[in-house]
1. Where in the chain are the helices, taken as whole DSSP H runs, whose Cα atoms extend 15 angstrom or more along the long axis and whose Kyte-Doolittle mean reaches at least 0.0?
2. Using just the helices of the chain, give the 222 nm mean residue ellipticity in deg cm²/dmol: DSSP H runs with n ≥ 4 each add -39,500 (n - 2.57), and the total is spread over all residues, rounded to 500.
3. Out of Asn345, Ala194, Ser22, whose Cα points farthest toward the positive end of the dipole of the chain (charges: +1 Lys, Arg; -1 Asp, Glu; placed on Cβ)?
4. Note down the magnitude of the dipole of region 303-405 about its Cα centre, charges +1 on Lys and Arg C-beta and -1 on Asp and Glu C-beta and zero elsewhere, to the nearest 20 debye.
5. Determine the alpha carbon to alpha carbon distance for each of Lys74/Lys390; Lys268/Lys353; Lys300/Lys390; Lys268/Lys317; Lys300/Lys395 and list only those over 18 Å.
6. Can you compute the FRET efficiency between Glu19 and Ala306 using 1/(1 + (r/R0)^6), with r the Cβ-Cβ distance and R0 = 30 Å? Round to the nearest 0.05.
7. Which listed residue (Ala169, Gly229, Tyr332) has the Cα farthest towards the positive end of the charge dipole for the chain, taking +1 on Lys and Arg C-beta and -1 on Asp and Glu C-beta about the Cα centre?
8. For region 78-136, what D do you get in µm² per second when you plug the Kirkwood radius from alpha-carbon pairs into Stokes-Einstein at 4 °C and 1.567 mPa s?
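Quick note: the coordinates plus some simple rules give every number you see, no bench work behind them. The structure presented is a predicted model; accordingly, all values stated were derived computationally and were not measured. Virtual Cβ from ideal backbone geometry, glycine too; neighbours counted across all protein chains shown.
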Amino acid sequence: MPGLCTFTMNNTHHRYLTELTSLPTAAGCEQYVVEWIANWAVKRGDVEIESDRHGNLVVSHGPKGKGGKAGGGKQPPIYFTAHLDHPAFVVRSVSNDRQLLAEFRGGVHPDYFMSARVLLHHDGEPARVGRITAVEKPASREAGDIVATVRFTRGVLAMPGDILTWKIAPTRISNDRVSAPACDDLAGVAAAIAAFDAIYDTSRDRKGAVSDRRRTSGNRFLTGAARHGDVRLLFTRCEEVGFIGAIGACKAKTIPRNALVIALENSKSFAESPIGGGPIVRVGDRTSTFDPDLTYRIGKVAEALAAEDNSFQWQRKLMVGGTCEASAYQTYGHTATCICLPLGNYHNMNETKRKIDSEVISLRDYDNLVKLLATIGTRLHDPGKAPPLKVRLEKLFESRRALLK
């Protein structure tokens, strides 16, 4: 019977988090994150990356078997999905070497823009600091993007398509708090890749046996069989402007129809969904509710993991702070749900200080998200560990059906 995969939270997985959440990215301009993922794949040497016609990335382990199943497995593939972009500016036009116009792609309230400082990212050049001097607001979000005039005190090199991000310090970790320019959703990207590392541990032998047992970073070693399902990663583009990449993936049939899709997100934290309370099995968002059976099965995996590992915490919530890609996947006929990290300063908006600020997550929540994903990759197809909801209902019916007479 499949158990927990060998999982060691280590400094490498924390490095993924700090590096990825510091990268500049914007809807339609995700190239820096794509390059990071490509480098990671080269270092592993056993990863295939494919791009669909919309530029979304699919990561799988080793050569694919017939029917699109990596390794030719019989079970439905499990997809962990996360988006590559974060709210940011993209240069529209350059007036001169000290002034440019940039459109903002994402959801941030206009009150946060005026006089804010930004960083210009031009390939081969150090990031340069500019300041927003004027803001043009569209009549509605559907009418277009906020357009900002940005001025620099010294001449800079810039061209249309360059990214400008808020001037925020690179990612830093203090005790349990991670403060970063872009947790949403690059922390989700990092967690998916770290879980993939754990599921497809290169220290295993060819039969999948565990070859060593290590303890690091104060996290308990997770024991069990090393068998796993067919786990793939889908990294999408342009989520912040209406999950356009996810819709494109559905239209392009990038995801097999029988796949189980688990979207990873960072969702605005509320009092009832606190930062530090653990990753959240998200039963729905502001727009829709997610697949009840898949959500139930993931909850059962989380319950079993919590019973076996005292360090593991998790939450189950309806998170209404926004709409995530799981709603899109469901709408286009896929079996989908979501797991998210509770997020502070959503989209860099510090609502207390009314200023642009670092996004904040819990490092422990991140570790537990990776742990949960690694366990899902091992247990989701095990009926003893992740029983379908219908099985429970059938048992209830059989035990009480006499009452219907």
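1. Within the chain the helices that satisfy the rule are 183-199, 292-308.
2. On the way: 8 runs with 102 residues, N = 405.
Computed mean residue ellipticity for the chain: -8000 deg cm²/dmol.
3. With unit charges placed on the Cβ atoms, the residue in question is Ala194.
4. Values: 15 positive and 12 negative charges, 111 e Å.
That gives a dipole near 540 debye.
5. Details: Lys74/Lys390 21 Å; Lys268/Lys353 16 Å; Lys300/Lys390 13 Å; Lys268/Lys317 12 Å; Lys300/Lys395 16 Å.
Distance filter (> 18 Å) returns Lys74/Lys390.
6. Values: r = 30 Å, r/R0 = 0.99.
The calculated FRET efficiency here is 0.50.
7. Selected residue: Gly229.
8. Values: Rh = 13.4 Å.
This corresponds to a translational diffusion coefficient of 97 µm²/s.
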